[in-house]
Amino acid sequence: MLLTIMGKRKHPSKPKKARNSKAESLAGGGRRRRSEKAGEPYWIYGVHAVLAALANPVRTCLRVLITASGDKDLETKVSKACQSVPDGPEIESLDRGEIERLLDSGAVHQGVALLAGPLGKLAIEDVLPTAGTDEAVIVVLDQVSDPRNVGAVMRSAAAFGAAAVVVQDRHGPPVAGALCKAASGAVEWVPLVRTVNVARTLKTLKDAGFWCLGLDGSAKEILAGADLTGKVALVLGSEGGGLRRLVRDSCDLLVRVPISDRVESLNLSNVAAVSLYEFRRGRP
């Protein structure tokens, strides 16, 4: 039940404790993640993103806000999620404008926001032990900087069972509100690896038995005709520049998704979704 305290509705106070700060789980499936590095908390918003973050045992959840709109269904979902968190945060009910002032400009928060600590950083070596099956697929993004694009790719990666998504550390967007909203909860389930050198990471993947396929609109071979058996890394470049030369040269094969000549190209996240579907097609 929500209580009204000084004009704001809250759950009854509970003693605050750090939330499993030594837990080292990878997103999803009980796999292990490095313990969280020191970093600034950030706001996650949107119903699916917030509920998924509350369900992640390695998230440090500090504040939960909902709009004072009387949406009982939203209150019930968020309250239930908070109650499942040991020593979880209180729920604060604020006016929509008060919440919007705390978030990114133009954030579509759907009436709920969560202030959370960052997840731990991952290297490619951290995910390889759990991506060792013969059916594994990893998505590698070369200089993709738009948080909504990366979030949408992560959502597709979760939908099609990808083992991880890799971004370049220098150009990759921070894991924060816009990315988490676009990922619709997938940030909590799919490991996001940051790498300094994409070409070197592809070499590491090859050494681990991955077949590296670069998606390139000018490639002669189409994706559906490529050998997609075994472990595969799907490598996609930024929408403006595509794959850089060294990354292109590091791929085993360049392929394209055939599209009508009525459009010049597909959105990056669309290419990722089509490619992941093609990889999974016909597999259990």
Candidate set: the stretch 67-91, residues that are polar (S, T, N, Q) and either out of contact with any helix residue (DSSP H, G or I) (no Cβ under 8 Å at 6 or more places or on another chain) or closer than 18 Å to Val108 by Cα (or both); chosen: the one modelled with the lowest pLDDT: Ser69
I'd like to know if the stretch 189-200 contains one or more residues that are at negative phi and touching a Ser or Thr at 6+ places or on another chain (Cβ under 7 Å). yes
For Gly172, indicate whether it is without any contact (Cβ under 8 Å) to a residue 12 or more places away in the chain and assigned to a loop (DSSP other than H, G, I, E, B). no
Under 22 Å from Val58 (Cβ atoms), modelled with pLDDT of 95 or more, surrounded by fewer than 24 Cβ atoms within 10 Å (Cβ to Cβ) and in contact with a Leu (Cβ under 8 Å, 6 or more places away or on another chain): does that describe Leu115? yes
Kindly list the number of the only condition in (1) within 30 Å of Ile44 (Cα to Cα); (2) touching a Gly at 6+ places or on another chain (Cβ under 8 Å) that fails for Trp211. (1)
Cβ-Cβ under 6 Å pairs, at least 6 apart or on other chains, the stretch 125-142 side crowded, with 17+ Cβ neighbours inside 10 Å, far side at pLDDT below 95 and aromatic (Phe, Trp, Tyr): Val137/Phe279
Filter result for Val196 (crowded, with 16+ Cβ neighbours inside 10 Å and either closer than 24 Å to Leu266 by Cα or not assigned by TED's automatic domain parsing to the domain that holds Ala53 (or both)): no
Gly39 passes all but one of (1) at pLDDT 85 or above; (2) under 30 Å from Gly161 (Cα atoms); (3) exposed (fewer than 14 other Cβ atoms within 10 Å of the Cβ); which number fails? (1)
Residues that are under 17 Å from Gln168 (Cβ atoms) and in contact with a strand residue (DSSP E or B) (Cβ under 6 Å, 6 or more places away or on another chain): find the strands (runs of 3 or more DSSP E) completely inside the stretch 179-284 holding 1 or more of those. 192-195, 211-215, 232-237
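The values are calculated or read from the model by the stated rules, or taken from the named source; none is laboratory data. Because the structure is predicted, anything quoted here is derived from the model rather than measured. So basically every Cβ, Gly included, is an ideal-geometry build from the backbone, and we count neighbours across all protein chains shown.
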